[in-house]
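Inspection log for the structure reproduced underneath, given as structure tokens.
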Amino acid sequence: MTDERVWLRPPHGQGEPKEVEAKPETLVPLMITGWSQCPPPNTKEEVKPDVDE
């Protein structure tokens, strides 16, 4: 069985999203307190040339 994980964002957009196991015993307490599922954060940083050149 693969390890299923989902991303959740905190209530009212306060704080950083976190990745958790997609199991009822993990998800239900978080969702009761206001966490909701969201897409994974964009980890690919845009590379920009140095402005001072």
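What the table below lists for this structure:
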{"read-out": "Identity of the residue in the stretch 5-33, assigned to a loop (DSSP other than H, G, I, E, B) and under 14 Å from the mean Cα position of the chain (by Cα), that ends up modelled with the lowest pLDDT", "value": "14"}
{"read-out": "Near pairs, Cβ below 8 angstrom, 6+ apart or cross-chain, from the stretch 17-39 (within 15 Å of residue 3 (Cβ to Cβ)) to any residue that is among the hydroxyl-bearing types (Ser, Thr, Tyr) and at pLDDT 95 or above", "value": "20/26"}
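The values are calculated or read from the model by the stated rules, or taken from the named source; none is laboratory data. Quick caveat, the model's predicted, so the values are computed rather than measured. Cβ: placed from backbone, ideal geometry, glycine included. Neighbour counts: every protein chain shown.
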